[in-house]
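One structure below.
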Amino acid sequence: MPQTIAVAGKGGVGKTTLTGMLIQYLVDKKKGPILAVDADANSNLNEVLGVEVDMTLGDIREEIAKAELSDKSPIPVGMSKQDYAEFKFDSALVEEDDYDLLVMGHTQGKGCYCFVNGLLSTQVARHSQGYNYIVVDNEAGMEHISRGILPNVDIVILVSDCSRRGVQAVGRIARLIPECGLKPKKVGLIVNRAPGGFLNDGIQEEIQKQELTLLGVVPQDEGVYEFDSAGTPTTELPSDNPVRLALYKIIDSLEL
């Protein structure tokens with residue numbers, strides 16, 4: 001079974017950047033094959049990785065749901081809805097040399113997607129057998145994983161910026177994890193964008209108050225900002241970049 005790593009945190013803390021670099025770490029360490037899952041509707045994991053995405057699972061859910069209400073169904077005559085969904089699912093998987101990317105996206109319409117979500121769960125499980133790791137760039141909460149769309153989560157990495165509000169937010173997420181029925185082997189916090197790579201006493205006190213396990217600290221760095229502004233994938237940061245060095249050291253400690 002693949003090892004599943006979920007990365008979560010409130011928006012704007014650099015969660016997606018760190019997720020992309022985690023995937024790059026696994027690639028560099030020859031840990032593949034890897035399935036990267038962008039499960040944040042507001043996320044841009046593909047841009048961090050430098051990958052083009054034409055279709056998301058949300059698009060497929062929407063298309064099939066609308067097909068059930070339309071006289072002009074896109075499903076070819078003689079093909080079942082399940083077979084059509086499987087065909088579309090396969091086309092939504094972006095295949096790279098060292099990893100594959102699946103973007104969940106979101107739906108615009110209303111109504112119940114129970115059938116399609118169940119089908120997607122089955123398909124993710126089928127595809128996941130071919131991977132050593134599944135890395136999920138998660139939304140702020142853990143609800144959609146608890147709905148069974150993804151396999152069990154082995155490691156949850158919480159990401160916060162260097163602020164009390166950020167630490168309090170991931171503290172709430174940490175308390176939500178058991179409520180969602182998840183039983184990860186490890187849950188830990190990475191504090192991102194810390195000035196000079198250090199935490200002051202106030203932030204350290206808040207981490208203790210929230211009963212969070214600190215995995216490590218990633219410094220604030222202009223290189224990440226410059227790459228993002230230029231539209232350059234941050235996975236291409238040089239090997240001596242302080243963010244890459246700090247994050248790789250943290251991941252080393254996880255002994256993946």
**Q.** Positive-end residue, region 21-111 charge dipole about Cα centroid, Cβ charges, pick of Ser73, Asn44, Leu102
**A.** Ser73
**Q.** Length-normalised contact order for the chain - Cα pairs under 8 Å, 6+ apart - percent
**A.** 28
**Q.** Pair Lys186, Lys72: separation of 7 Å Cα→Cβ label points (nm)
**A.** 5.4
**Q.** Semi-axes of the equivalent ellipsoid for the chain, Cα gyration tensor, largest first, Å
**A.** 33, 20, 16
Q. How large are Rg and Dmax for region 52-106 when only the alpha carbon atoms are used, in Å?
A. 12.5, 42
Q) Helix 164-179: angle to the longest alpha-carbon principal axis of the chain, degrees 0 to 90, nearest 10? A) 50
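Relative contact order of region 156-225: what whole-number percent is it, with Cα pairs under 8 angstrom and at least 6 residues apart?
Details: 98 pairs, mean separation 26.9, N = 70.
Once normalised by length, the contact order is 38 percent.
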**Q.** Percent accessible area from carbon and sulfur atoms, the chain, protein chains only, probe 1.4 Å
**A.** 47
Q. Hey, in the GNM for the chain with a 10 angstrom Cα cutoff, which one of Arg61, Arg164, Arg193 fluctuates hardest?
A. Arg164
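The values are calculated or read from the model by the stated rules, or taken from the named source; none is laboratory data. In this text, all values refer to a predicted model and were calculated from it rather than measured experimentally. Methodologically, a virtual Cβ is constructed for each residue, glycine included, from the backbone with ideal geometry; neighbour enumeration extends over all protein chains shown. Just so you know, the surface numbers come from the protein's heavy atoms only, side chains and all, with ligands and any DNA or RNA stripped out. Shrake-Rupley method; radii C 1.70, N 1.55, O 1.52, S 1.80 Å.
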